[in-house]
Amino acid sequence: MSDAIIVGIVSPLVGALIYGFKKGVDYFIEKKKKKKDPIIANLTADKLIYEFLSEMLEKYNADRSYLIKFHNGGEYYTGNKIQKFSRSHEVVREGISSEKINLQNIHISLFPIWLETVINNKYFFTDIENMDDKYSEFYLKSLGIKSIINIPMYINDRLVAVFGLEWVCD
């Protein structure tokens with residue numbers, strides 16, 4: 001995948017992401033305000049997220065489309081919070097392995113360079129060969145990933161999720 005294609009994807013994708021994610025979040029918040037059943041509200045929000053991920057997978061001819069959410073994971077003995085992330089939603093093309101079940105409760109401390117790069121809106125690689133972050137490069141190669149885009153998602157200036165697209169096939 002060329003750099004021009006990546007740039008062509010990233011700009012409209014950010015707008016679509018903000019709109020699509022905000023739409024799902026707004027729907028969920030509105031349902032909570034009305035004191036509806038939280039399970040039904042979650043299912044509806046999940047349905048919107050999966051629809052969005054499917055649209056992005058098709059639109060950009062990706063092999064995986066996913067959402068990573070950040071969460072707490074308990075405390076260390078020092079009292080510091082354990083910060084984690086999990087792949088909460090994922091859509092894959094037929095014949096492509098799902099990685100969602102393998103990417104649960106991952107300590108942020110395992111991928112500090114990845115997170116910093118995502119926060120700086122610079123995590124898009126047309127070819128993962130020779131990345132500066134060797135740990136991420138090794139990990140991505142182990143999953144067969146050839147190209148990747150990760151875009152941070154904020155609510156009220158707080159990083160809450162990362163949207164991702166991956167291309168596995170040539």
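The values are calculated or read from the model by the stated rules, or taken from the named source; none is laboratory data. Please read all numbers here as calculations on a predicted model, not as lab measurements. Here Cβ is always computed from backbone atoms with ideal geometry, including for glycine, and neighbour counts include all displayed protein chains. Surface accessibility is based on the protein's heavy atoms, side chains included, excluding ligands, DNA and RNA. Shrake-Rupley method; radii C 1.70, N 1.55, O 1.52, S 1.80 Å.
3J(HN,Hα) along the stretch 70-84, derived from phi through the Karplus expression 6.51 cos²θ - 1.76 cosθ + 1.60 where θ = phi - 60°, amounts to 8, 7, 7, x, x, 9, 7, 4, 6, x, 5, 6, 8, 9, 9 Hz, with x in place of Gly and Pro. The Cβ shell under 14 Å around Ile68 holds other residues with a net charge of +2, Lys and Arg each +1, Asp and Glu each -1. In the full protein context, the stretch 55-114 carries 58 Å² of accessible surface per residue, based on a 1.4 Å probe and ignoring ligands, DNA and RNA.
Accessible surface area normalised per residue over the stretch 125-169 is 50 Å², counting heavy atoms of protein chains with a 1.4 Å rolling probe.
Between Leu103 and Ile82, the modelled labels are 2.1 nm apart [label points 7 Å from Cα along Cα→Cβ].
The amide H of Leu103, built 1.01 Å from its N in the peptide plane, has Arg87 as neighbours under 5 Å, considering only residues 5 or more places off or on other chains. Phi angles of the stretch 87-99 translate, via the Karplus equation with coefficients 6.51, -1.76, 1.60 and θ = phi - 60°, into HN-Hα couplings of 7, 8, 9, 7, 10, 10, 6, 4, x, 9, 6, 7, 10 Hz per residue; Gly and Pro are given as x. Could you please report the charge total around Ser98, scoring K, R as +1 and D, E as -1 over all other residues with beta-carbon less than 12 angstrom from its beta-carbon? Around Ser98, the surrounding residues sum to -1. Our summary gives the stretch 98-170 a relative contact order of 25 percent, counting only alpha carbon pairs under 8 angstrom and 6 or more residues apart.
For the stretch 41-89, which whole-number percentage of the solvent-accessible area (1.4 Å probe, protein heavy atoms only) is attributable to carbon and sulfur atoms? So the carbon and sulfur contribution to the accessible surface is 50 percent.
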